[in-house]
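Engineer: Mind looking over this structure? Questions follow.
Bear in mind that the values in this text are calculations on the coordinates, not laboratory data. Small disclaimer: the values here were computed from a predicted structure and weren't measured. Positions of Cβ are backbone-derived with ideal geometry, glycine not excepted, and every protein chain shown enters the neighbour counts.
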Amino acid sequence: MDYGVLCTASEQPKHGNYHQKGGCYQAEYQQNVQFLIGIRGYRVQIGIVSDTHGHSRFAQSAAYMLETFSVEHVLHCGDIGSTGVVEIFSQWPTHYVYGNTDDSRSVIQEEIEARGGRYYGKVADIELGGRRIGMTHGDDPALLMRMIRSEEYDLVCSGHTHQVNVRQVGHTLALNPGALFRAVRHTIAIVDLMTMHHEIVEV
């Protein structure tokens, strides 16, 4: 299975051509990045997180890592778990869907909106950086597969399984960033929406 890029927290992202270094496996960017910027407009890098389950310590570790990548938006794929998690990610425009364990949805939604985030319910349809992004938690596998196979999205994000899963289906990148709780490794994803270059980062 190709995870694109896998880095440990001790290794910082670099720009240009990528290579293996220690525990960090990186793939090459597409050539002539400046030319691509001219075609697609401006560059947007996003962070994708999931399954925090209210654990602020792990969410804070993810936030520190997101800062090192200078992301402009954050997507949370559900099982948020607490308003404290929402507070941690409020330094960015953050987009949320609910997960199957998010019982206090109205309370969480109120906190998200009070802190300037976007709450979409079960399914999000987002336009960022010239890309169409779909997001759902993933506890409804039939819904998730319909979204991935619809050919309507450049990127479909999900969580729920607590396992990293990245695959290309037609022109759609389907990405599960893994989990920030109850996982062997706590991971997030970074995606450059201009090149669709993606990294799975351990926090």
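Engineer: Using a ≥ b ≥ c from the Cα gyration tensor of region 103-191 (square roots of the eigenvalues), is it rounded, prolate or oblate, where a/c under 1.5 gives rounded and otherwise the larger of a/b and b/c decides, a/b for prolate? Write out the running numbers ahead of the final one.
Structural biologist: On the way: a/c = 1.66, a/b = 1.21, b/c = 1.37.
Because a/c hits 1.5 or more and a/b fails to exceed b/c, region 103-191 counts as oblate.
Engineer: Which order do peptides 143-155, 168-180 fall in by mean Cβ count within 10 Å, highest first?
Structural biologist: Working: 143-155: 16.8, 168-180: 21.2.
My ranking of the peptides, most packed first, is 168-180, 143-155.
Engineer: Then there's this: Whole Å is fine, so just give me how far the alpha carbon centre of region 180-196 lies from that of region 134-168.
Structural biologist: Each part's Cα centre sits 14 Å from the other's.
Engineer: Cβ neighbours within 10 Å, averaged per peptide: list 78-89, 119-130 in order, most packed at the top.
Structural biologist: Peptide ranking by packing, descending: 78-89, 119-130.
Engineer: Percent relative contact order of region 29-202, based on C-alpha pairs within less than 8 angstrom and at least six residues apart?
Structural biologist: 25
Engineer: Taking amide H atoms as placed 1.01 Å from N in the peptide plane, list the residues 5 or more away in sequence, or in a different chain, whose amide H sits under 5 Å from that of Ser50.
Structural biologist: Close amide H contacts, sequence-distant or interchain: Cys77, Leu180.
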